1. Does the range 142-160 include one or more residues that are of a type outside the set (Lys, Arg), more than 23 Å from residue 32 (Cα to Cα) and assigned to a helix (DSSP H, G or I)?
2. For the subset of the range 81-111 comprising residues that are among the acidic types (Asp, Glu) and part of a helix (DSSP H, G or I), which member is surrounded by the most Cβ atoms within 10 Å (Cβ to Cβ)?
3. Any residue in the range 125-146 that's surrounded by fewer than 20 Cβ atoms within 10 Å (Cβ to Cβ): show its pairings with residues that are part of a helix (DSSP H, G or I) and among the basic types (Lys, Arg) at Cβ separation under 8 Å, as long as the two are six or more apart or on different chains.
4. Do we have any residue at all in the range 64-80 that's in contact (Cβ under 8 Å) with a residue 40 or more places away in the chain, under 30 Å from residue 13 (Cα atoms), surrounded by 19 or more Cβ atoms within 10 Å (Cβ to Cβ) and under 13 Å from the mean Cα position of the chain (by Cα)?
5. The conditions are (1) in a helix (DSSP H, G or I); (2) touching a helix residue (DSSP H, G or I) at 6+ places or on another chain (Cβ under 9 Å); (3) closer than 15 Å to residue 49 by Cα, and residue 124 fails exactly one of them. Which is it?
6. It is to be established whether one or more residues within the range 30-50 are assigned to a loop (DSSP other than H, G, I, E, B) and under 24 Å from residue 153 (Cα atoms).
Amino acid sequence: MSSMSTTNLKDERKKEELIKELFEKDPYKPTDAFVAASWMALFIGMVSYCVGLWNADMLLNEKGYYLAILLFGLFSVVSVQKSVRDRIEGIPVTEIYYGIGWFAAIISILLLVIGLWNADLLLSEKGFYGMAFTLSLYAAIAVQKNTRDIHYLKRTKYDKSK
């Protein structure tokens, strides 16, 4: 290995250490506790909802309906969060995509409410699905925000250190 490439490698390591140091000190960085809590809430909400479906005494097509609503809802709220954040950061987002994201998020919630309203379930079961669904949607938004914040901070720290 030549001395030129060794020097470049050392410079790159120093730059990475500087970026890491700057990133760790940033007051806008989500705390590790909040990131972990967000991921745990997402995991707990999704797993609880799915375990409830697995053990439910309902037809397979009903289980599929509720699973599809969960997946649809998770995708739509992440899409809305991303669109909102893109707009804040000046990244172009078309009105149609932004509108579809909101429409999909609202529809997923309405479909769950309508499905549970008409379901032949105990009130406690309906509440369980509603709460697990809501927890999952909120946690998906938080996870997406944390991921975006961390990525943004790393990118801006890297740009400033050049």
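1. Scanning the range 142-160 turns up at least one residue that is of a type outside the set (Lys, Arg), more than 23 Å from residue 32 (Cα to Cα) and assigned to a helix (DSSP H, G or I).
2. 86
3. Listed by first residue and then by second, the contacts come to 145/85.
4. For the range 64-80, residues in contact (Cβ under 8 Å) with a residue 40 or more places away in the chain, under 30 Å from residue 13 (Cα atoms), surrounded by 19 or more Cβ atoms within 10 Å (Cβ to Cβ) and under 13 Å from the mean Cα position of the chain (by Cα): absent.
5. Tallying (1) in a helix (DSSP H, G or I); (2) touching a helix residue (DSSP H, G or I) at 6+ places or on another chain (Cβ under 9 Å); (3) closer than 15 Å to residue 49 by Cα, residue 124 fails exactly one: (2).
6. Yes, some residue in the range 30-50 is assigned to a loop (DSSP other than H, G, I, E, B) and under 24 Å from residue 153 (Cα atoms).
Throughout, read-outs are computed from the coordinates displayed, never taken from laboratory work. The structure presented is a predicted model; accordingly, all values stated were derived computationally and were not measured. Heads up, the Cβs are rebuilt from the backbone with ideal geometry, glycines too, and the neighbour counts pull from every protein chain shown.
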